[in-house]
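Report on the structure given below.
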Amino acid sequence: MEKEAKTYLRIKNFVAPFIGLAVNISAYGTENIVPNGKLILTCNHRSDMDPFILSYTFPRFISWIAAEYTFRIPIFRDLAKIAGGIPMSIDGNISIGSIKMIQQVFKKGETLGIFPEGHDYMVKNDFKSGMVNFHSGFAAFSIRNKVDILPSVIIPVEETYSDIPIPPIVRSFMGMPKEVCEIKKRSIYKKVKVIYGEKIDHREFLSGTLEENMKQLSDVVRSRMIALQEGQYAEA
């Protein structure tokens, strides 16, 4: 992943000034970011801007899990591949190749970034609602690979909504799922807060069955992220 990490940082350094000009970003709880070692970073997902906002505030290389269909989008596809993006099917299935890439991320002591809501919040298209239910795959990654989880949230302070620039028929031609083709609006951030919570220790979820532990860990992560949304670092 060393090559991907260097490419990621080059892209980040190039894009960061433009992100900083377009969006007023404040980050809180950055003392909770562990400086090294394998880690899973989770965040809510309400805009296609989210990975760029997180990457802007997070000092380490993030290898992002992304929906497999996004790797068919021109330009994004190439950037994602060279910057260490890992494709995952929206039904939760993951290829052997992607599993090996995830294992390499952890072997190198890097960070795996994932949005447990998947694209479900954006499909819902109600930007005033709370987080939707989580997919628990990230919890399996944590338990099976013995990796701690760092929860984070993006809280919009100012945002606008615009039509999706790619028409539904074009999205369909690109192989996007029906529910994604039907998304009407997207959120465009103007001012946001990024809040990082305390790291969640995976060792508390190693006894019992994998299925039980996945649900418990997923529930804990979701409740921590809701707490961050609802008041932790309220002084921000």
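Pop a pseudo-label 7 angstrom from the Cα along the beta-carbon direction at both ASP91 and ILE166 and give the gap in nm to one decimal.
2.1 nm
If you count only protein heavy atoms and use a 1.4 Å probe, how large is the accessible surface of THR30, to the nearest 10 Å²?
Using a 1.4 Å probe on the heavy atoms, I get roughly 60 Å².
Could you point to the residue in ILE90, VAL157, ILE62 farthest towards the positive end of the chain's charge dipole, with +1 and -1 charges on the Cβ of Lys/Arg and Asp/Glu respectively?
About the Cα centre, the residue reaching furthest to the positive side is ILE62.
Probe radius 1.4 Å, ligands and nucleic acids left out: which of ARG186, ARG60, ARG224, ARG144 has the largest accessible area, and how do the rest follow?
On the way: ARG186 55, ARG60 25, ARG224 95, ARG144 165 Å².
If we order ARG186, ARG60, ARG224, ARG144 from most to least accessible, we get ARG144, ARG224, ARG186, ARG60.
Largest first, what is the accessible-area ranking of PHE127, PHE52 with a 1.4 Å probe? Let's see the in-between values first.
Numbers: PHE127 25, PHE52 105 Å².
Solvent-accessible surface, decreasing: PHE52, PHE127.
Farthest toward the dipole's positive end in the chain, which of ALA16, SER218, PRO35, given Cβ charges of +1 (Lys, Arg) and -1 (Asp, Glu) about the Cα centre?
Ranked along the dipole, the leading option is ALA16.
Calculate the dipole size of the range 1-230 relative to its Cα centre from +1 charges on Lys and Arg beta carbons and -1 charges on Asp and Glu beta carbons; express the result in debye to the nearest 20. Don't jump to the answer; show the numbers that get you there.
On the way: 30 positive and 25 negative charges, 129 e Å.
Rounded to the nearest 20 debye, it is 620 debye.
Can you tell me what percent of all Cα-Cα pairs in the chain are more than 27 Å apart? Walk me through the intermediate numbers first.
Values: 8621 of 27730 pairs.
Roughly 31 percent, rounded to a whole number.
In what sequence, largest accessible area first, do VAL153, VAL170 appear using a 1.4 Å probe?
The most accessible residue leads, giving VAL170, VAL153.
Would you check the accessible area of MET49, probe 1.4 Å, heavy atoms only, in square angstrom rounded to 10?
For MET49, the solvent-accessible surface is approximately 30 Å².
For the range 127-218, what does the alpha-carbon gyration tensor say about shape, rounded, prolate or oblate, given a ≥ b ≥ c as the root eigenvalues, a/c under 1.5 as rounded, and a/b over b/c as prolate?
On the way: a/c = 3.30, a/b = 1.65, b/c = 2.00.
Since a/c reaches 1.5 but b/c is at least a/b, the shape of the range 127-218 is classed as oblate.
The values are calculated or read from the model by the stated rules, or taken from the named source; none is laboratory data. Model, not experiment: these values are computed from the prediction. Every residue, glycine as well, gets a Cβ built from its backbone with ideal geometry; the counts of neighbours run over all protein chains shown. Note: accessible area is taken over every heavy atom of the protein model, side chains too, but ligands, DNA and RNA are not part of it. Shrake-Rupley method; radii C 1.70, N 1.55, O 1.52, S 1.80 Å.
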